[in-house]
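Participant: This is the structure, below, for whatever I ask next.
The values are calculated or read from the model by the stated rules, or taken from the named source; none is laboratory data. Being a predicted model, the structure only gives us computed values, none of them experimental. Using ideal geometry, Cβ is built from the backbone for each residue, glycine included, and neighbour counts are taken over all protein chains shown. Note: areas computed on protein heavy atoms with side chains; ligands, DNA, RNA excluded. Shrake-Rupley method; radii C 1.70, N 1.55, O 1.52, S 1.80 Å.
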Amino acid sequence: MATSWWEIQVFCDPNAEDLVFWRLTDFGCKGTSSERESHTTNILKAYLPQQRAKLLDLSALALLLKQDALCAGLPIPDLEWQLIEEEDWSSSWKQYWQPQMVGDRFLINPAWLPLPKKSDRLIIRLDPGVAFGTGTHATTQLCLEALEMRLDGTSSQSVRMADIGCGSGILSVGAVLLGATQVYAVDIDPLAVETTRVSTQMNKIPEHQIVAAEGSLSTLIEMAKEPVDGIVCNIIAEVIVDLIPQMGAIAKPETWGILSGILLDQVKPVADTLEENGWIVATLWRRTDWCCLNIRRS
Ligand SMILES: C[S@@+](CC[C@H](N)C(=O)[O-])C[C@H]1O[C@@H](n2cnc3c(N)ncnc32)[C@H](O)[C@@H]1O
């Protein structure tokens, strides 16, 4: 049966975009995209399966967005919502997503568009549907760029990796294209796990090289059996803080990590938790209000 979706539109000050994006993700929204309406207003669109929210919940979301804006001293965003059918959702969303270069090495190509005739970039083909991870969001881009740095092709050793919160599988696929030999990918959303499997096939990566499963870090610990060489985790800060105490279970002394989904003012609690659990922040990369922490064992 086709799903109906809430299409949520938030009209906000461009400076409030990251805050609104974070709130929508925290609320469980999918497929978030942003357009500039004027130099004072951006429109953020996001989608939620109808059964996941009632009208009252959407009113509560409007209130939370209002409180966030007031706390940040920014204009209060306007929120509109409507129910749309599955077909309308997929066709309206696809119009806005175009091929995009990310970092020095990647080109993200929507699956329904032809591949470029000539490109010296590593091409990631995706049809993420409702799973997060089109490569347009700053946090995904920061993670892909950090993977470029970590997997620069200089190591002759095999590299086993963990992708926690794999979404569309974009980071798992990117890691393999850069030379990772094995990726274990987990997500609590079954749709994301399915999409990661489809992305693996679409990019002609052997099935056994990206093993995706529904769950979180504890599932990954069981799947990987032994510590991994690298961890990538792009989820919101609150979830990352909860996961950090368990991360040591899949790490060896030289394991590195890439953590994103963290807003600038959320860095301190994340860094403190890392320190308490035997990790240090080697570098912090920032784009707009979003940060990516490159971490290693202390
Ligand atoms: C911001 S998206 C990142 C997707 C993709 N990795 C990227 O970088 O574009 C975060 C993903 O984490 C998943 N997630 C949220 N909480 C989680 C948890 N505790 N364990 C595993 N996955 C989680 C969400 O379902 C979502 O797909």
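Participant: Taking the Cα atoms only, what angle lies between the long axis of helix 190-202 and the longest principal axis of the chain, rounded to 10 degrees?
Facilitator: Once rounded, one gets 60 degrees.
Participant: Over all alpha-carbon pairs of segment 4-94, lay out the pair-distance distribution in 10 Å bins, whole %, shortest bin first.
Facilitator: Reading the bins upward from 0: 17, 52, 27, 3.
Participant: Loop-only check: which trypsin sites (Lys or Arg not before Pro) in segment 107-166 are DSSP coil with at most 10 other Cβ within 10 angstrom?
Facilitator: Qualifying residues, ordered by number: LYS117, LYS118.
Participant: Probe of 1.4 angstrom, ligands and nucleic acids ignored: what's the accessible area per residue over the chain, in square angstrom?
Facilitator: Heavy-atom SASA per residue in the chain reads 46 Å².
Participant: On C-alpha positions alone, give me the angle between the axis of helix 267-276 and the longest principal axis of the chain, in degrees, nearest 10.
Facilitator: Rounded to the nearest ten degrees, it is 30.
Participant: For segment 221-235, just list the computed ³J(HN,Hα) in residue order, Karplus coefficients 6.51, -1.76 and 1.60, θ = phi - 60°, integers in Hz, with x standing in for Gly and Pro.
Facilitator: After applying 6.51 cos²θ - 1.76 cosθ + 1.60, I find 4, 5, 5, 6, 6, 10, x, 9, 8, x, 10, 10, 8, 10, 9 Hz.
Participant: Per 0.36 nm of contour for each residue apart, how much would the distance between GLN98 and LYS117 grow if the chain were fully extended, relative to their Cα-Cα spacing?
Facilitator: Extending this stretch completely gives an extra 5.2 nm.
Participant: Can you give the charge dipole size of segment 100-297 about its Cα centre, rounded to the nearest 20 debye, using +1 on the beta carbon of Lys and Arg and -1 on the beta carbon of Asp and Glu?
Facilitator: Charge dipole, segment 100-297, about its Cα centre: 720 debye, nearest 20.
Participant: Another question, then. Could the peptides 174-185, 280-291 be put in order, highest first, of the mean number of other beta-carbon atoms found within 10 Å of their residues?
Facilitator: Highest to lowest by the protection proxy: 174-185, 280-291.
Participant: For every helix of n ≥ 4 consecutive DSSP H residues, a contribution of -39,500 (n - 2.57) applies; sum these over the chain, divide by its total residues, and give [θ] at 222 nm rounded to the nearest 500 deg cm²/dmol.
Facilitator: -10000 deg cm²/dmol
Participant: Another one. Given labels modelled 7 Å from the Cα in the Cβ direction, how far is it in nm from LEU264 to ARG297?
Facilitator: With each label placed 7 Å out from Cα toward Cβ, I get 3.4 nm.
Participant: Separate question: Distance between the C-alpha centers of segment 273-298 and segment 5-48? Whole Å please.
Facilitator: 27
Participant: What is the percent carbon and sulfur in the accessible area of the chain, measuring with a 1.4 Å probe over the protein chains and ignoring ligands?
Facilitator: About 52 percent, which is the carbon plus sulfur part of the accessible surface.
Participant: On a 0 to 90° scale, report how tilted helix 17-26 is relative to the longest principal axis of the chain, with both axes built from alpha carbons and the result rounded to the nearest 10.
Facilitator: The answer is roughly 80 degrees.
Participant: Rounded to whole Å and ordered largest first, report the semi-axes of the equivalent ellipsoid of segment 100-297 derived from its Cα gyration tensor (root of 5λ).
Facilitator: Values for segment 100-297, descending: 25, 18, 16 Å.
Participant: 5 Å is the cut-off here: which amide hydrogens, built 1.01 Å from N in the peptide plane, fall below it relative to ALA212, excluding neighbours closer than 5 in sequence?
Facilitator: Close amide H contacts, sequence-distant or interchain: ALA185.
Participant: Further question: What's the tally of Lys pairs in segment 4-94 whose alpha-carbon atoms lie under 18 angstrom apart, where the two lysines are 8 or more places apart or on different chains?
Facilitator: Final tally of qualifying lysine pairs is 6.
Participant: Here's another thing I want to ask about it. Dividing the convex hull volume of the alpha carbon atoms of segment 167-212 by its residue count, what do you get in Å³ per residue?
Facilitator: 53
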